[in-house]
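Remarks on the structure that follows.
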Number of protein chains: 2
Amino acid sequence: MDRDGLLAANAAFYKALAAGDLAEMDALWSREAGVAVIHPGWPAITGRTAVMESWRGIFTGGRQDIAPISPEAYQFGDSGFVIVYEGTAGIYLVASNLFVREDGAWRMVHHQSGPIPAPEPDTPLM
Amino acid sequence: MDRDGLLAANAAFYKALAAGDLAEMDALWSREAGVAVIHPGWPAITGRTAVMESWRGIFTGGRQDIAPISPEAYQFGDSGFVIVYEGTAGIYLVASNLFVREDGAWRMVHHQSGPIPAPEPDTPLM
C-alpha cells in the first residue's frame, strides 16, 4: 500500500490550488487516462483541455484559500482516492480526489467537491 | 476497455437505489477494498458497515425516485469511475461513482453526489 504517496499527491494538489499555480496543477493531472472535474455547484467538466481551462478560470478569479482537512486515502493497485474536507472562509466542502499511478507517480484523474454544512462550533470536522 | 461493464454496474446501483433494495445494494459494494460514500450535504461516511447503515437509513426514509442521466464511464485497468447526473423531483445532482473489478465483476468503492443548479427549461442537462 502507498497511502503516503496518495496523501502526498493530494497535498500537492491543494498546494497548487492555494498558489494558483496552473503549471503545477497541469503537471499533477494524468496525461494517459480520461480525466474529469466537478467543481462545487457546477456540471461535470470532462477531458484534459476543458479541465485545465476550468482551473485557469478559477485561478483568474483570485486566490483559492482552501485548506485541506483530515485527508483519508484508499488504494487499490495502481489507483486510489482521497476523501478530504476543504475549508475556505467559513465555507465547508468535502471532496473526492482520484489518482492513478503513471510511471511510478500518482496522477489525478478526477476531483469532485461539494458543499456540506459548517460543523458546530468546537466540533471537529471528522 | 469495459465501459459497458462499468455502465451496467452503474445502472444496477441506480436500480437498487430506486427500488430501496438493501440486499441488492449490499451486493454491489466491494468486500475487499476500503469503501466510502458522500451523500449530498453530508460529511463523508467511511467503512462498509457505516456505508450500508447510511443506505438503510435512506431507504427507511422512503422511495428514492432518482433517475440516472447521461452516465459517462472512465476506466483504467481494474478500476474506473462513472460521472452521472441524478434527477429527482426537480432537484438535480451530479455524482461520481467509483468501481473496482473483483473476480471479474465491477464493485462499488465510492459514491459522491452533490447538488447542481437545475438546467434552464428546454436545455439538455449535458
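The values are calculated or read from the model by the stated rules, or taken from the named source; none is laboratory data. Remember, it's a predicted structure, so these values are computed and weren't measured experimentally. Methodologically, a virtual Cβ is constructed for each residue, glycine included, from the backbone with ideal geometry; neighbour enumeration extends over all protein chains shown. SASA here: full protein model, heavy atoms, side chains in, ligands and nucleic acids out. Shrake-Rupley method; radii C 1.70, N 1.55, O 1.52, S 1.80 Å.
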Bridge type composition, the protein assembly as shown - antiparallel percent by DSSP, nearest 5: 90
In Hz, Karplus ³J(HN,Hα) per residue of segment B:28-33 (6.51, -1.76, 1.60; θ = phi - 60°; x = Gly, Pro): 7, 8, 4, 9, 10, 9
Accessible area of B:Phe76 in the full protein assembly, 1.4 Å probe (Å², nearest 10): 40
Debye equation applied to the C-alpha atoms of segment B:56-97, log10 I(q)/I(0) at 0.15, 0.23, 0.24, 0.27 Å⁻¹: -0.48, -0.81, -0.84, -0.91
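What do you get when you divide the Cα radius of gyration of segment A:1-112 by 2.2 N^0.38 Å, with N the number of residues? Walk me through the numbers before you get to the answer.
Details: Rg = 13.0 Å, N = 112, 2.2 N^0.38 = 13.2 Å.
It is 0.99.
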Alpha carbon Rg of the protein assembly as shown, scaled by the compact-globule rule 2.2 N^0.38 Å: 0.96
Residues whose placed amide H lies under 5 Å from that of A:Trp42, excluding near-sequence neighbours: none
Segment B:30-79 versus segment A:20-91: alpha-carbon centroid distance in Å: 21
Nearest residue to the symmetry axis between B and A, taken on chain B by its Cβ, in whole Å: B:Gly114, 1
Value at 222 nm in deg cm²/dmol, rounded to 500, when DSSP H runs of n ≥ 4 in chain A each add -39,500 (n - 2.57): -9000 deg cm²/dmol
Residue-wise HN-Hα coupling along segment A:42-57, computed from phi with Karplus coefficients 6.51, -1.76, 1.60 (Hz; x: Gly, Pro): 9, x, 5, 10, 10, x, 4, 4, 5, 4, 5, 4, 5, 5, 4, x
Under Karplus coefficients 6.51, -1.76 and 1.60, residue-wise ³J(HN,Hα) of segment B:68-85 in Hz, glycine/proline x: x, 10, 6, x, 10, 9, 10, 10, 9, x, 8, 9, x, 9, 10, 9, 8, 7
